[in-house]
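First the structure, then my questions, so here it is.
The values are calculated or read from the model by the stated rules, or taken from the named source; none is laboratory data. Source: prediction; values computed, not measured. Glycine gets a Cβ as well: all are built from the backbone with ideal geometry, and neighbour counts include every protein chain shown. To get the accessible areas, we keep the full protein, side chains included, count just its heavy atoms, and leave off ligands, DNA and RNA. Shrake-Rupley method; radii C 1.70, N 1.55, O 1.52, S 1.80 Å.
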Amino acid sequence: MSTAMNFGAKSFKPRPPDKGAFPLDHFGECSAFKERFMQCLRDSGFESGLCRERAMAYLQCRMDRQLMANEPLEKLGFKDLIEEKSEAEAGKL
């Protein structure tokens, strides 16, 4: 069977991702955060839920160094961790 053109079909128009490009960390500015996260994954049998604090720290490092767009950590799925941290700090006062 040949791959004839289908003139009735809509053409595909590629578009960039909603969050934009993710620049590589060429200078290793966040490699320590990444390594701690990866080690946590290996130690936990790749249960990512157990390593969320390290994931949050890694993403924060990337945002601080303009390696990704700044987003509130709450929008990235860390609202519960931020609230726990705030409650713990309030309890220390």
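With each label point set 7 Å from Cα along the Cα-Cβ vector, what nm distance links K13 and S86?
4.1 nm
How much accessible area per residue does segment 53-93 have, in Å², with a 1.4 Å probe? Each step should come with its number before you reach the end.
Numbers: 2910 Å² over 41 residues.
Dividing the accessible area of segment 53-93 by its residue count gives 71 Å².
Here is a further query. List, in order, the whole-Hz ³J(HN,Hα) value for each residue of segment 73-86 obtained from phi through the Karplus relation with A = 6.51, B = -1.76, C = 1.60 and θ = phi - 60°; use x for Gly and Pro.
4, 4, 6, 8, x, 10, 4, 5, 5, 5, 5, 4, 5, 5
Still on this structure, I have one more. By per-residue mean of other Cβ atoms within 10 Å, what is the highest-first order of 46-55, 59-68?
Sorting 46-55, 59-68 by mean packing, highest first, produces 59-68, 46-55.
Net charge near F78, counting Lys/Arg +1 and Asp/Glu -1 over other residues with Cβ under 13 Å of its Cβ?
The answer is -1.
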